[in-house]
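Since the structure comes first, as structure tokens, the remarks are kept for the end.
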Amino acid sequence: MSQVLDTESDRLLAIGDDIVRRAIAGGATVAECTVRSGSELSAKVRLGEVELIEEASHSGVALRVMRGKRVASTSTCDMSESGIARFVADALELAELSQEDPFAGPVDPSLLCDPRSLPSLDLHDPACERIDAADAIARARRGEKAALSSDPRLTNSEGGSFSRTEGVSAMVLSSGFRSTTRGSYASLSVVPVADDANDKKRRGFYYDARRHLSDLMSPEAIGEEAARRTLRKLGARSVPTGEFPVIFDPDAARSILGLFAGCILGGSIWRRGSYLCDKEGQSVAASAISIVDDPLMMRGPGSRAFDGEGVASRRNVVVENGVLRTYLCDSYSARKLGRSTTANASRGGGVGASTTNFILEAGKESAESILKGTARGLYVTEMMGFGFNAVTGDFSRGAAGFWIENGEFAYPASEATISLNFRDLWDRVDAIGSDLDLRSSVACPTLRIGRMTVAGSAEGS
């Protein structure tokens, strides 16, 4: 298998070399190419019957060229000789037509890493691509069956779904950098449905996703957890209105952290599109909070040995004990801000800054202890809608979960709205759980906000 992958890596590098050579010969001063190939498989069953099976291979190439300070980016899936020729010609023509950008340019060549010294992060599992349609269907069925057979109140399902993807990517830069990465990912989700009072349907959900198939939870464990999360929603009602402590479980907390991540990217900062502009070196959260962006985690969902500009990946401390230490930048946003890249470039057609494994570091208190220490408030398991203004920090979302009385779940909660400006929200974090969950590239443990505005109904007060 490794020999096959090595052959594919060499093939993609050769394509990249050819495209970069054509672009430079056509008049580009800088040419940067990425070439990708891979395969994916998805299977969904509902009530035991196959609803969907999709299997496909994919390949494509993206190119960024510069003519002096003029930049253009293009991409194509046409890998034929004529397709590549047209693709390169289009990029060169677009560059000629574009306006000059004084901040345009490749990353400083002195920052490029040596591909021979890159760490192995164990991001590819050959077992993933050996999963065929029959196996994918069987795994999805096992997960759904485990959920529906666990309790007679589970009468319906939105399905069980299994997917896997694997691929190789090559990056070739006219500066001389050339290297490849390979990765895989597998996931399984189950969505049971239960009948509640007044003909309401309660939908639960649980999933797991990992780089390596052997790290994935069993379909039965995923199905049983999905069933538990569905059944605990039965009897949901509205909550009181007022200011109360709010606990976010890891899934809901991850959503909050993801919004914060968007506010510390270099592009948001130089465009003045973030409430965190000019806040470096200042307190932006409670002193117990530390947030890192770590692309060097073994088997991490967002891990990579080098960034989209060929700079060696590194762990960046974004928030340390509540103090904002850095923004995350590619070379372009770094130049706009008068600083150096943090090796956070991400490349599609163009290049921009992105997070990798963006993690709020775990505390020492268990989620159960945080709950027991909350006399009265709201425990949030899911949020609805999109109510966040990155410029002002204003935050307001629909929420569901559980109402807390005397440190215990009193009843399932629905139809709530929670709101607080992000400046205050992060300042009011007074408990951080030890239950960090690394299923996704944005990860956060249980968080408790000491006081938020909760809007329910008069009946719930």
Long-range amide H partners of Thr356 with built H, under 5 Å: Asp294
The chain: antiparallel DSSP beta bridges as a percent of all, rounded to 5: 95
Farthest positive-ward along the chain dipole, Cα basis, beta-carbon charges - from Ile404, Pro115, Ala170: Ile404
Fewest-first ranking of His124, His212, His58, using other Cβ atoms within 10 Å as the exposure measure: His58, His212, His124
Tail beyond 20 Å, pair distance distribution of region 154-236 (Cα, percent): 51
Cα-centred dipole magnitude for region 2-230, charges only on beta-carbon of K, R (+1) and D, E (-1), debye, nearest 20: 360
Ordering of 127-133, 325-331, 117-123 by burial proxy (mean other Cβ atoms within 10 Å per residue, highest first): 325-331, 127-133, 117-123
Estimated FRET transfer efficiency when R0 is 41 angstrom, pair Asn421-Glu81 (beta carbons, to 0.05): 0.15
Cα-Cα separations in the chain greater than 31 Å, expressed as whole percent: 51
Rounded Å value of the spacing that divides the Cα centres of region 307-362 and region 11-82: 24
Using a Förster distance of 30 Å, the FRET efficiency for Ser117-Ser340 (Cβ separation, nearest 0.05): 0.90
Alpha carbon centroid spacing (whole Å) that separates region 419-435 from region 99-150: 31
Estimated [θ] at 222 nm from DSSP helical runs (n ≥ 4, -39500 (n - 2.57)) normalised by residues in the chain, nearest 500: -7500 deg cm²/dmol
Added length on full extension, which subtracts the Cα-Cα distance from 0.36 nm per residue, Ala138 to Ser57: 27.0 nm
Calculated from backbone phi, Karplus (6.51, -1.76, 1.60) coupling profile of region 105-116 in Hz, x at Gly/Pro: x, x, 5, 3, x, 5, 8, 5, 8, 8, x, 6
Mean Cβ neighbour count within 10 Å, used as a protection proxy, ranking 237-246, 78-87, 312-321, 184-193 highest first: 184-193, 237-246, 312-321, 78-87
Around Asp430: net Lys/Arg minus Asp/Glu count, Cβ-Cβ under 12 Å: +1
Hits among lysines - C-alpha to C-alpha of Lys201 under 18 Å, sequence gap 8 or more where chains match: Lys233
Contact order relative to length of region 2-230, as percent, for alpha carbon pairs under 8 angstrom and 6 or more apart: 22
Cα gyration tensor, region 202-323 - rounded (a/c under 1.5), prolate or oblate: oblate
Computed magnitude of the charge dipole of the chain (debye, nearest 20; Cβ of K, R +1, Cβ of D, E -1): 620
Positive-end residue of Ala138, Val190, Ile370, charge dipole of the chain with Cβ unit charges: Ile370
Calculated FRET value between Asp101 and Asn389, using beta carbons and R₀ = 30 Å, to 0.05: 0.60
Cα lying deepest toward the dipole's positive end in region 259-359, options Gly266, Gly281, Asn357, charges on Cβ: Gly266
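Any read-out appearing in this document is the output of simple, stated calculations on the displayed coordinates, not a laboratory observation. As the structure is a computational prediction, the values presented were derived from the model and not from experiment. Please note: Cβ atoms are built from the backbone with ideal geometry, for glycine as well, and neighbour counts cover all protein chains shown.
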